[in-house]
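**Q** Got a structure for you, questions after.
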Amino acid sequence: MSRAVEPGPPLSSLGGQAAVRAAIIFLAVVAAGALVRIFKDILAPLVVATFLLLLIDALSRDLDSRFPKLPRLARAIGSGVLIVAGFAAVILLLVFQGPNFAIEMRGVEPRLNLVIGMIMHMLGQASFTLHDIFGHADPASEFGHAFAAARGAITFAGLVMIFLGFLLASRAAFSSKLDRLYQSQHHRQQARRVFESIRNAVEDYVRLVTFKALFIAIIAFGVMLALGVESALFVAFLVFLSAFVPIVGAFAGAVIPALVALAQFGDVTKPAIILGGLGVAVFVIDNILMPQLQGDELNIDPLLVLVSIGVWGLLLGPTGALLSTPLTVTVMAIAAEFDGARWLAVLISRDGQPIKDAR
């Protein structure tokens, strides 16, 4: 005797549940973005501290493989000292060299206006100035204020170190907390997989982008040194930092040495050589060298990379712009582990398969 099959829930009900779930996720994302924007002064140093903690862990594990005979405590302390010293060097360079560099750059505005006038005259068009482009603001003063505000980086660095200290202190108990947070072994493994995916993606990104930024900065330093540009080392440092911003950062960094040369020499020949040489170098590195090294490690859609710069920059300021790709990888890794949010991870990914180890 055949057994009657009980009817399942109607399709309209399933569709309604999916729509409600998607609406809840959308509202949660909007609310989270609003909270991040409101508390960005506190969250920005916390994000940087978390990023530094990941770098310390990565360097510590690298030292484990290279120097297995050293005590684990010595390797951990050595990696922490190296990362913190590098972060401190960046802050100190911005604080002590930034204002002087801003004063030197104030002479670039009239020369840029002259170059714009020459180009527009050749094209037979009405000339304009930088004041017209920036809404009659003083770009030279704004540029100076931006570097003068670098002194506030000391306060920011202090908050980063405080957060980093608390993160290091609580890291030892993180594993036990994770086990107690989830009752089933499946959920524990899922949470660990998310963390591993984020950590691996961030480490791959930092390794590749640091290599790229260092390569571009060395080329910029060599070109400026050959042409006799002053403050070549500090300008190369700015090029190195700007290259961490995805897509647009490297090309923006190529403009900085050209502006410095224009302010120093007043002639367009050397700035044009610098801009052309660095532009070609950045194009070759981004389109030939980096794809060979990167492979499929960072599976993010290029359009989403560009959008993420604006989104994270709006939410967290310059910190968000610099760390936009690691933050986007974090969102993708978390969303890939949950059915209701997997569509977001698929949209962020380049090939539709967000994280290699994701469910």
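**Q** Can you find even one residue in the stretch 227-237 that is crowded, with 18+ Cβ neighbours inside 10 Å and out of contact with any helix residue (DSSP H, G or I) (no Cβ under 7 Å at 6 or more places or on another chain)?
**A** Looking for residues that are crowded, with 18+ Cβ neighbours inside 10 Å and out of contact with any helix residue (DSSP H, G or I) (no Cβ under 7 Å at 6 or more places or on another chain), one finds none in the stretch 227-237, hence no.
**Q** Something else: Please specify each residue of the stretch 239-248 satisfying the condition of being surrounded by 23 or more Cβ atoms within 10 Å (Cβ to Cβ) and modelled with pLDDT under 85.
**A** If the condition is that a residue be surrounded by 23 or more Cβ atoms within 10 Å (Cβ to Cβ) and modelled with pLDDT under 85, then 243 is the only one that fits.
**Q** For the stretch 267-281, state whether one or more residues are surrounded by 22 or more Cβ atoms within 10 Å (Cβ to Cβ) and either free of Cβ contacts under 8 Å to residues at least 24 places away in the same chain or touching a Lys or Arg at 6+ places or on another chain (Cβ under 9 Å) (or both).
**A** Yes, the stretch 267-281 contains a residue that is surrounded by 22 or more Cβ atoms within 10 Å (Cβ to Cβ) and either free of Cβ contacts under 8 Å to residues at least 24 places away in the same chain or touching a Lys or Arg at 6+ places or on another chain (Cβ under 9 Å) (or both).
**Q** Another question, then. Of everything in the stretch 279-298, what is assigned to a helix (DSSP H, G or I) and either within 12 Å of residue 243 (Cα to Cα) or modelled with pLDDT under 65 (or both)? Give them in sequence order.
**A** Passing the criteria: 282, 285, 286, 291, 292, 293, 294.
**Q** A further question on this structure: Could you list, ordered by first residue, the pairs with Cβ atoms under 8 Å in which the first is in the stretch 306-322 and on the phi > 0 side of the Ramachandran plot and the second is buried (at least 16 other Cβ atoms within 10 Å of the Cβ), at least 6 apart or interchain?
**A** 317/40; 317/44
**Q** Starting from residues that are touching a Lys or Arg at 6+ places or on another chain (Cβ under 8 Å) and crowded, with 17+ Cβ neighbours inside 10 Å, keep the ones in the stretch 59-91 and report whichever is modelled with the highest pLDDT.
**A** The extreme case among them is 60.
**Q** Can I ask one more? Condition first: within 16 Å of the chain's Cα centre (by Cα) and of a type in the set (Lys, Arg). Now tell me which residues in the stretch 34-62 satisfy that.
**A** 40
**Q** With 112, 52, 130, 94 as the choices, which residue is closer than 22 Å to residue 255 by Cα, at pLDDT 75 or above and crowded, with 16+ Cβ neighbours inside 10 Å?
**A** Every option except 94 fails the conditions.
The values are calculated or read from the model by the stated rules, or taken from the named source; none is laboratory data. Everything quoted here is computed from the prediction, not taken from an experiment. Backbone-built Cβ (ideal geometry, glycine too); neighbour counts: all protein chains shown.
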